[in-house]
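S.K.: Okay, handing you the structure first.
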Amino acid sequence: MLPLLGSHAGRAHEGAAEASGGDVTFAIDSEAERTLEFFLAERAPDVAFYSEDRGLVAPAGGGATSVLVVDPIDGTRPAMAGLESCCVSVAAAPLRDGVRMGDVTIGCIVEIPSGQVFIAERGRGVLEGPPVRLSGNERLDRMFWTYGFRGRPARALTEVLAELIDASSVGGGTFDLGSATFDVTRVLTGQLDAYVEPGPLLIEEVPGMRAEFERVGGGAVLNNSPYDLAAAVLCAEEAGAIVTDARGGSLRDRPLLGSGADYQMSIVASANPALHGRILAEVAAGIDRLKAPTLG
């Protein structure tokens, strides 16, 4: 994908095609998906894969026992702009009915522009990558953190995150980097303290919010799907970071294979437990503000 980074040709929409998760399929996405399919057909024809655009692709005749959950470009928009926050994300798991996020055995992330690799294996830690430097900051007013607005209703999401943004905007820093995988791995490198993405919680808790997401998403709900998070969550957990949904629940029992609103999940990834707890409390307070009659 390197030759296409920053290329305007890569921004072309592929007709009316959309990814299985509902997002727009750009030319750069299609090229990445074709490369993935050709690579696996040539080198690992007995392995199934699940990708953002293709969904589940299993070998003809069946018999596959493993599946790779792949986002060929996590951070398509940064890639099209030639920015650094775009990655390839691959998670390996057994192929079986009911496979879950907690069944992922290996996660591999490659930053496309730099080639930096992160590899983690469940129970064995981070096996490859830059040194893990989890931040010791426990204060919201000193927090450097990231979130994502792509496909989310800006007014509603801002209300939920408002106090976190205001608290950290001077003594810390807030960023929308355009890639969940890149966001989570910045917590591992110590560049950021947290990644906060409450989108599905808004839909679950606030009446009428799903229609708002569909309005912004052109009829689709666009939040993080398993292929966005599977590799990054394993890497973060094995590095010692704190990872939950935006309520504080585990992601391990969430379905691994699927896309669309029913499979999407919120996430808060933080460098330490104290900061994590404070973030969850602010998200809960933000949901309450959004549900209040004057805002709803």
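S.K.: If you check ALA60, ALA17, which single one turns out to be part of a loop (DSSP other than H, G, I, E, B) and either modelled with pLDDT of 95 or more or more than 20 Å from the chain's Cα centre (by Cα) (or both)?
M.R.: One residue alone meets the criteria, ALA60.
S.K.: Quick one: in segment 171-196, of everything that is among the β-branched types (Val, Ile, Thr) and open to solvent by 10 Å² or more (accessible area, probe 1.4 Å), which residue is nearest to ALA230 (Cα to Cα)?
M.R.: Top of the filtered list is THR189.
S.K.: Based on this model, can you work out whether ARG122 counts as within 26 Å of SER250 (Cα to Cα), open to solvent by 30 Å² or more (accessible area, probe 1.4 Å) and basic (Lys, Arg)?
M.R.: It is true that ARG122 is within 26 Å of SER250 (Cα to Cα), open to solvent by 30 Å² or more (accessible area, probe 1.4 Å) and basic (Lys, Arg).
S.K.: Follow-up question, since we're still on this one. Can you name every residue in segment 1-14 that is in contact with a helix residue (DSSP H, G or I) (Cβ under 7 Å, 6 or more places away or on another chain) and either at pLDDT below 75 or assigned to a helix (DSSP H, G or I) (or both)?
M.R.: LEU4, ALA9, GLY10, ARG11, GLU14
S.K.: What do you reckon, is GLU214 free of Cβ contacts under 8 Å to residues at least 60 places away in the same chain and more than 13 Å from the chain's Cα centre (by Cα)?
M.R.: yes
S.K.: If we keep just the residues of segment 34-55 that are part of a loop (DSSP other than H, G, I, E, B) and in contact with a helix residue (DSSP H, G or I) (Cβ under 7 Å, 6 or more places away or on another chain), which is surrounded by the most Cβ atoms within 10 Å (Cβ to Cβ)?
M.R.: By that ranking, first place goes to GLU52.
S.K.: Residues that are over 23 Å from MET143 (Cα atoms) and open to solvent by 40 Å² or more (accessible area, probe 1.4 Å), at least 3 per element: which helices (runs of 4 or more DSSP H) completely within segment 201-296 meet that?
M.R.: 209-216
S.K.: Within the set of pairs 6+ apart or on separate chains, which have a first residue in segment 87-109 that is closer than 11 Å to LEU68 by Cβ, a second that is assigned to a helix (DSSP H, G or I) and among the aromatic types (Phe, Trp, Tyr), and C-beta atoms under 9 Å apart?
M.R.: As it stands, the answer is SER89/TYR227; ALA91/TYR227, since those pairs meet every condition given.
S.K.: Of all residues being of a type in the set (S, T, N, Q) and closer than 16 Å to VAL268 by Cβ in segment 125-170, which is surrounded by the most Cβ atoms within 10 Å (Cβ to Cβ)? Just the residue, please.
M.R.: For segment 125-170, the residue satisfying everything is THR146.
S.K.: Continuing with this model, one more query. What residue, of GLY178, GLY171, is closer than 22 Å to ALA79 by Cα and assigned to a loop (DSSP other than H, G, I, E, B)?
M.R.: Answer to the selection: GLY178.
S.K.: Additional query: Looking at this structure, is SER85 open to solvent by 20 Å² or more (accessible area, probe 1.4 Å) and of a type outside the set (A, V, I, L, M, F, W, C)?
M.R.: Taking the combined requirement at face value, the residue does not satisfy it.
The values are calculated or read from the model by the stated rules, or taken from the named source; none is laboratory data. Please read these numbers as outputs of a predicted model, since none were measured by experiment. Cβ: placed from backbone, ideal geometry, glycine included. Neighbour counts: every protein chain shown. Just so you know, the surface numbers come from the protein's heavy atoms only, side chains and all, with ligands and any DNA or RNA stripped out. Shrake-Rupley method; radii C 1.70, N 1.55, O 1.52, S 1.80 Å.
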